[in-house]
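Just so it is clear, none of the values below were taken in a lab; they were calculated from the coordinates. Because the structure is predicted, anything quoted here is derived from the model rather than measured. Glycine also receives a Cβ, built like all others from the backbone with ideal geometry; neighbour counts cover every protein chain displayed.
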Amino acid sequence: MPIFSYLAMPKSGAKEVLCADLAALSNCEVIPSDNQEVVVLVTDTPDETTEDKLQKSLNNLQSLQSLSLAFGYDDQEKQ
Amino acid sequence: MKLNRRRFLKYAAASSAVATAGALFPGVSFGNWQNLTNNSGIISWQKAPCRFCGTGCGVLVGVSDGRAVAVKGDPNCSVNKGLCCMKGYHSVQMLYGKDRITTAKVRKNGEMVEVPIKEALDLVAEKLQETKDKHGKDSVAIYGSGQWTIPDGYVASKLFKGCLGTNNVEANARLCMASAVTGFMTSFGIDEPMGCYEDMDHANVFITWGNNMAEMHPVLFSRMLANRKRRTNVTVIDFATRSTRTSQAADKSILFRPQTDLAVANAICYEIIKNDWVNWNFVNEHVSFHKGKTNIGYGTEDHFAFKDKAESINFEEYKLFLEDYTPEKVEKISGVSARDIKYMAALYGDPSLKVTSFWCMGMNQHTRGTWINNLVYNIHLLVGKISTPGNSPFSLTGQPSACGTVREVGTLTHKLPHGVVMKEHHREMAAEIWDVPVSNIDPKPTYHTVEMFRALDRGDIKFIWIQVTNPMVTMPNLRRYRDGALKDGRFVVVSDVYPTPTTDVADVILPAALWVEQEGMFGNSERRTQHFAEIVKPPGEAMSDTWQIIEVAKRLGFEKQFPWTQDDYIGKIWEEYRKFHAGPKHEMASYKVLKERSGVQWPFVNGKETRWRFNPKYDPACTNGKEFDFYGKKDNRAWIWARPYEPAAESPDSEYNFWLNTGRVIEHWHTGSMTRRIPVLHNAVPSSYVELNPEDAAELGVVNGEMVKIISRRGEVTMPAQIKGRGVPPRGMVFVPFFDESYLINEVTLDAFCPISKQADYKKCAVRLEKA
Ligand code: SF4
């Protein structure tokens, strides 16, 4: 049951599109910056299969320039 | 409960990303984010300094069900004002790695066997006593760290120097800060920076001298960038030997050839004098001129000894000395254009600009480390830009308590908590506070770090206790010292939290409490002492390093000197230690005050912290009635030193034609024994690599990820290439991060050191490359 947070950088001028794209995906919470071209993305997936699917969808987003991981938590890691 | 916990974790994840964004984009705001002001009902937050770098960020550790589950920047801490870097944010996860050492182990018939910690401590005491009786007091040693808490270092020094009578006490800060100390001592007669982080809010020009702050001191770096964004007149110059994230963010990046910072610093002084930018009022009142010995060697041979001798010179002699360092001459040595040298000199020389110089390992891990520290002070002293807000030559520390524990407690062979073993009145003071006969304290220093491990190899030291550090990854010319530690007749005790190459050579492993699993204090780069409570319980039989030493001391019969109980020992130790620093030059805050605040700067006099030393507006120790009082030196002046450029111990030649430079990356702490167990950090940079210049890589025929063999006169290591990664070395240089024990780059490095500070140079040796 992993939880991750990322800094998502939109392609030039595409912040709003990126926010909409990310918000449309399941298991995603989006926190846009109100003064810079950066978006915080928090993902919370119930299992690995869903996580893999989500990763694929993220990779396919046209509005996304780069994604850098800021925080990762996985129940299995901690037991 | 489960839902709450999950909600909390998502909050922690978001807050981490928001903080990371804050570090990358100064002034960024996330108006829609509902910062959880308190907690979700399952959390308590308690203050602590971050476990990692010498910045000393204040953090709040979130605890749920007795487990540390989250970290956030402490908004009440003036260091970071709520920010954190990725290491700080993820730090609690280091407490819970699967292979945490929770029980003691001793070597029996060649195998490490688990035993109750009491039995292991009995064995440590017995072996220590037996070795001392058989081979003399100087056959036993303790080697600690700038990650020792202040009480750890204090009881180590008290036991070994005060009770056992040996000066065989050293710490890894010798390898990271010793040149800064000798720089301060020779220029000012007293250790540690005169300024504080607030300088960043006043300076117009920042010059980073061989200091990749963006990765090594990221929170300070973002504070600097935030200032640049907020104020229109701020310039950042990165002066370095390779391009890094700091160079990318700077307004100007100037590259110099390794070791030639000495020549450039002198050229800047030459220009300042030539253009009459000297602040004569300041120089005439507060500065004196000196020279020392030259051709001072490199310490690569056993028993190397050197003692500098200061001679007074006058300004004219100093000016004559600088004739060798015209910008045009220095351009040829350093590769820095005369124009750039003049540009930097003009920034330092412009009376309307406030200038802060930052440095860390680039200047300290240098075979002329003391000299380059002196030379940067020379620049600031000639123009009088010192000890006032924004005008600051600022030596940053690498470790969280290199200042607090090693420099202030004095856990180095020649030091005592106040002063040095060589001085009778310092020994008398220590003997009185420690309640030991003064004759116990030996007036002769023994071994500095490199020589201590040489002594272990030679067999002069037969018992060594290593705490909170991993020398079997970090010693330069490593193979000699690892082979030495494994020789017959050596007894090695290691206190640590995870298995490392150092626990691999141990005869006894003691499970140590980590960070907030114990009470303690750290001291950061800006003279700030930071207390933390035991926030969570240590696992299994893990015990604080302080208490391990106390247990052994009691077994050796020193109950009188170590009378404390586990309930109150930290407070009692602090109040005893604080007596060493009584007086306006170094007064420390009481235990009670430290517990209440998120860090207190010393000198702490009449309830007030001292932000700028040597300036009577801020520093109560100033008594001369003048604008500044450099009271560390007997002549009440700061010293300018004529120090020449001398080459590195080993430079590239036709056989070994590359410079090897080593260092760190933002994700990992030192040898990675903690950060490599934090999944996010480990996944970000899972293994080390060698950075190559793209043209050198093309010539060698390697592409990203292909294996390269790095060979020196001492050893070789084969590792993947990184080309156009986060750092780009110039042609003829490679850079390797040392965090990864699978690639022991220190088998390749050279154990040459600064003859004055005895700090090793990890930034320069000669290697050749082969495509593997
Ligand atoms: S900058 Fe240093 S002290 Fe601050 S959070 Fe990062 S590692 Fe910790």
Which of B:LYS329/B:LYS354; B:LYS487/B:LYS572; B:LYS47/B:LYS579 have a Cα-Cα distance over 32 Å?
-> B:LYS487/B:LYS572
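For the range A:2-74, what is the convex hull volume of the alpha-carbon atoms per residue, in Å³? Walk me through the numbers before you get to the answer.
On the way: hull volume 5.2 nm³, N = 73.
It is 72 Å³ per residue.
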Rounded to the nearest 10, the angle in degrees between the Cα long axis of helix A:15-24 and the longest principal axis of the Cα atoms of chain A comes to 30 degrees
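In the protein assembly as shown, what % of DSSP beta bridges are antiparallel (nearest 5)? Let's see the in-between values first.
Numbers: 67 of 115 bridges.
Antiparallel: roughly 60 percent of the beta bridges in the protein assembly as shown.
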Can you give me the P(r) profile for the range B:457-503? Cα pairs, bins 5 angstrom wide beginning at 0, each as a whole percent.
-> 5, 22, 32, 27, 12, 2
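Output the direction-averaged projected area (hull surface divided by four) of the convex hull of the alpha-carbon atoms of the range B:438-568, in nm².
Values: hull surface 41.6 nm².
Mean projected area of the Cα convex hull: 10.4 nm².
Can you tell me, using C-alpha contacts under 8 Å and at least 6 residues apart, the relative contact order of chain A as a whole percent? Working shown, then result.
Working: 133 pairs, mean separation 39.2, N = 79.
Rounded, it is 50 percent for chain A.
Compute the signed sum of charges (Lys and Arg +1, Asp and Glu -1) over the other residues within less than 10 Å, Cβ to Cβ, of A:ALA14. Mind dumping the intermediate values first?
Numbers: positive: A:LYS11, A:LYS15; negative: A:GLU16, A:ASP21, A:GLU37.
Once all neighbours under 10 Å are counted, the net charge is -1.
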Summing +1 for each Lys or Arg and -1 for each Asp or Glu, what net charge is found among the other residues whose Cβ lies under 10 Å from the Cβ of B:TRP277?
-> -2
Report the paramagnetic label zone for B:LYS633: residues of the range B:284-302 whose backbone N is under 17 Å from a point 7 Å from Cα along the Cα-to-Cβ axis.
-> B:284-293
Compute the distribution of all C-alpha to C-alpha distances in the range B:652-772, in bins of 5 Å from 0, and list the percent of pairs in each, rounded to whole numbers.
-> 2, 12, 21, 24, 20, 13, 6, 2, 0
Reach of B:LYS291 by Cα under 14 Å, taken over aspartates and glutamates that are not fewer than 8 positions away in the same chain | B:ASP308, B:GLU311, B:GLU316, B:GLU317
3J(HN,Hα) from dihedral phi, the range B:459-468, Karplus parametrisation 6.51/-1.76/1.60, rounded to Hz, x for glycine, proline | x, 6, 9, 10, 10, 9, 10, 10, 10, 6
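Strictly greater than 42 Å: what percent of every Cα pair in chain B meets that?
Values: 74463 of 297606 pairs.
So the pairs more than 42 Å apart make up 25 percent of the total in chain B.
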With 24 Å as the limit, write out which pairs from B:LYS134/B:LYS444; A:LYS15/B:LYS229; B:LYS127/B:LYS158; A:LYS56/B:LYS87 have Cα-Cα distances beyond it, or answer none.
-> A:LYS56/B:LYS87
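Once the piece of chain linking B:LEU320 and B:GLN248 is laid out straight, how much longer is it, given 0.36 nm per residue of separation minus the C-alpha distance between them? Please report the intermediate quantities before stating the final value.
Values: separation 72, 0.36 × 72 = 25.92 nm, distance 3.75 nm.
Additional length available on full extension: 22.2 nm.
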Based on Cβ point charges of +1 for Lys and Arg and -1 for Asp and Glu, what charge dipole magnitude is obtained for chain B about its Cα centre, in debye rounded to the nearest 20?
-> 1540 debye
May I ask what percent, to the nearest 5, of DSSP beta bridges between residues of the range B:658-749 are antiparallel?
-> 45 percent
If you take the Cα Rg of the range B:155-241 and divide it by 2.2 N^0.38 Å, with N the number of residues, what do you get?
-> 1.51
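Where the convex hull is taken over the Cα atoms of the protein assembly as shown, what is its projected area averaged over directions, in nm²? Intermediate results must be reported in sequence, preceding the final value.
Values: hull surface 136.3 nm².
One quarter of the hull surface, i.e. the mean projection, equals 34.1 nm².
I need B:LYS81, B:LYS758, B:LYS608, B:LYS309 ordered by Cβ neighbour count within 10 Å, fewest first. Present the calculation step by step, with values, prior to reporting the outcome.
Numbers: B:LYS81 16, B:LYS758 26, B:LYS608 12, B:LYS309 7.
Lowest count first: B:LYS309, B:LYS608, B:LYS81, B:LYS758.
Can you tally the net charge around B:ASP133? Count Lys and Arg as +1, Asp and Glu as -1, for every other residue whose Cβ sits under 12 Å from the Cβ of B:ASP133.
On the way: positive: B:LYS127, B:LYS132, B:LYS134, B:LYS137, B:LYS462; negative: B:GLU126, B:GLU130.
Cβ neighbours under 12 Å give a net charge of +3.
Please compute, for peptide A:37-47, the average count of beta-carbon atoms on other protein chains lying within 10 Å of each residue's beta-carbon.
So the per-residue partner count for this stretch is 4.
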Expected integer from the mean partner chain Cβ neighbour count at 10 Å over B:88-96 is 2
Provide, in order from the shortest bin, the percent of all Cα-Cα pairs of the range B:575-639 in each 10 Å bin, continuing until the bin that contains the maximum pair distance.
-> 22, 46, 25, 7
Distance from the range B:138-192 to the range B:543-585 (C-alpha centre basis), Å | 16 Å
Kirkwood radius from Cα pairs of the range B:181-314 plugged into Stokes-Einstein at 10 °C, 1.306 mPa s, gives D in µm²/s equal to 89 µm²/s
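May I ask you to sort B:MET674, B:MET361, A:MET1 by Cβ crowding, counting other Cβ atoms within 10 Å and putting the fewest first? Let's see the in-between values first.
On the way: B:MET674 24, B:MET361 27, A:MET1 15.
By the 10 Å Cβ count, ascending: A:MET1, B:MET674, B:MET361.
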Shielding of A:1-8 by partner chains, average beta-carbon count, 10 Å | 5
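Would you kindly state how much longer the chain becomes between A:SER66 and A:MET1 on full extension, computed as 0.36 nm times their sequence separation minus their alpha carbon distance, in nm to one decimal? Don't skip to the end; give the middle numbers.
Numbers: separation 65, 0.36 × 65 = 23.40 nm, distance 2.38 nm.
Value of the extension gain: 21.0 nm.
Counting other beta carbons within 10 Å of each Cβ, put B:PHE562, B:PHE160, B:PHE630 in order, fewest first.
Details: B:PHE562 20, B:PHE160 24, B:PHE630 27.
If I rank by nearby Cβ atoms, fewest first, I get B:PHE562, B:PHE160, B:PHE630.
So which of B:LYS319/B:LYS385; B:LYS118/B:LYS161; B:LYS633/B:LYS763 end up more than 29 Å apart, counting from Cα to Cα?
Numbers: B:LYS319/B:LYS385 19 Å; B:LYS118/B:LYS161 24 Å; B:LYS633/B:LYS763 32 Å.
From the list (B:LYS319/B:LYS385; B:LYS118/B:LYS161; B:LYS633/B:LYS763), the Cα-Cα distance tops 29 Å for B:LYS633/B:LYS763.
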Cα-centred dipole magnitude for the protein assembly as shown, charges only on beta-carbon of K, R (+1) and D, E (-1), debye, nearest 20 | 900 debye
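Give me the number: length gained by fully extending B:SER44 to B:GLU119, i.e. 0.36 nm times residue separation minus the C-alpha to C-alpha distance, one decimal in nm. It would help to have the intermediate numbers written out before the result.
Working: separation 75, 0.36 × 75 = 27.00 nm, distance 3.63 nm.
Value of the extension gain: 23.4 nm.
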